[in-house]
Amino acid sequence: MGMLDGKVAIVTGAGHGIGRGHALELAKHGAKVVVNDLGVSVKGEGQGKDADLTVDIIKGRGGEAVANYENVADYEGAGRMVQQAVDAFGKLDVLVNNAGIVRDSAIWNMSEGDFDAVINVHVKGTWAPCHWAARHWRERSAAGETFTGRVINTTSGAGLVGNFGQTNYATAKAGIAGMTQTLSLELAKLGVTVNCVGPAAATRITGTMPGAPAVIEPDEVPEDEWNRMDPAVSSPLVAWLASDESQLVTGQIIRAVAENIILMKGWADGPTINNKGKRWDAAKLGQQLATDVFFTRAPGLRY
C-alpha cells in the first residue's frame, strides 16, 4: 500500500523541474495525477505539450496520469483543470501549485508588462486553482462526505528574504506565503490543510541567473544517488504533506534546501517599546528605537 493510494492530485507547472519531481513522487506513492503545464518558456512565452513528457514517465513506471495544458492564471481554465481531475478520476484530493515564470531585472529597468506577467502567473495562478478546488471541496462537504484535502503552494527564498532584480518574483512569492496562511484559516472546517514549500534546486528558472549550476530534470537523477540540486529534493516533503499523516499541519511555510527541511518562523513580534499612553514624538523617537529596538548606537550617544 502506498501512502497516497486512492488520492487524486493536480500538480501545476509539472512538465519540467520541481513540478515534474512532485508529480513523479506523488505517483510513486500511489496518487493519480493530473499533470498541468502550459508548455511555455521560462519567461512565459510560447505554448506546448510539455505535460506529456511527465505523463509518459509516470505511465512508464506503472502509475496513472493525464495531461492538462491550461493556463493556471486563466480563471475559467483553472476551473476546467479541476473539473478534469473529477472527470478523469472522480474527485480531487491534493492541489500542488507550482507553476511559475521569471522576468528579472532591476526595478529601474523592469517593464510594467514583465511585472504584471510574473504576478499574474504566480499569484493569480495560485489563487484561481485554489478557488475552484475550494468550491469542489465545499460541495463534497455539503453533500455530507467526510474527507481530507490538501493544498501545497510554492514560495522561494526570494519571497522570504528578498533578491536583487526580482521585485516582481519576490513580491509574488511573498504573496503566496500570505495567501497560504489565509487559506489555511478559510478551509480548516472542511478538513483541508494548506501549506507552502520553498524548494531550492537547479531548474530552468535558476538557470537564467549568472553562474547558476546546470539545469537538472528530476528523472535524470537515479533514486539511489544524491544530488543536492535535484529538483525533486523537496518532493518527499510534498508527498508527506499530501498524505493523511499531515492532517495537523496547516498554515506553515517550510523550506527544503538540499538535505535540510526548515520551518520558517515568519513575521513575529520582536523588541517592543511603549510610551505609556502618550503620543510618540518623532524628534525623540529615534534614540529610543536605536537603543531598545535596533540595538544600534545612534549619533551622539555615549556608552
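FYI, it's all coordinate maths here, none of it is from the lab. A quick note: this is a predicted structure, and the numbers were derived from the prediction, not measured. So basically every Cβ, Gly included, is an ideal-geometry build from the backbone, and we count neighbours across all protein chains shown.
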Q | Value of relative contact order over the chain, rounded to a whole percent, pairs C-alpha under 8 Å and six or more apart | A | 16
(Q) With a cap of 12 neighbouring Cβ atoms within 10 Å, and only residues DSSP puts in a loop, list the GluC sites (Glu not before Pro) found in region 1-77. (A) E45
Q. Between D52, D219, D116, which gets the highest mean-square fluctuation from a Gaussian network model of the chain, Cα cutoff 10 Å?
A. D116
Q. Who wins for biggest fluctuation among G48, G286, G144 in a Gaussian network model of the chain, springs between alpha carbons below 10 Å?
A. G286
Q | HN-Hα J in Hz across region 61-77 - Karplus 6.51, -1.76, 1.60, θ = phi - 60°, x for Gly and Pro | A | 9, x, x, 10, 7, 10, 8, 9, 10, 6, 7, 5, 7, 8, 4, 5, x
Q: Take a quick pass over the chain and tell me how many lysine pairs come in under 13 angstrom between Cα atoms, counting only ones 8 or more apart or on separate chains.
A: 7
(Q) If you scale each eigenvalue of the Cα gyration tensor by 5 and take the root, what three semi-axes come out for region 8-263, rounded to whole angstrom and sorted largest first? (A) 26, 21, 18
Q | Test item: Cα-centred dipole of region 8-263, Lys/Arg +1 and Asp/Glu -1 on Cβ, debye | A | 540
Q) Mind checking which of A51, A232, A258 has the largest fluctuation in a GNM of the chain, springs on alpha carbons under 10 Å? A) A258
Q: Specify, per residue and in Å³, the volume enclosed by the convex hull of the alpha carbon atoms belonging to region 1-103.
A: 81
**Q.** Calculated [θ] (222 nm, deg cm²/dmol) that DSSP helices of n ≥ 4 give over the chain, each run adding -39,500 (n - 2.57)
**A.** -11000 deg cm²/dmol
Q | Highest average packing first - 120-132, 159-171, Cβ atoms within 10 Å | A | 120-132, 159-171
Q.
Please list, in order along region 96-103, the HN-Hα scalar couplings obtained from phi with the Karplus expression 6.51 cos²θ - 1.76 cosθ + 1.60 (θ = phi - 60°), rounded to whole Hz, x for Gly and Pro.
A. 10, 8, 10, 4, x, 9, 9, 9
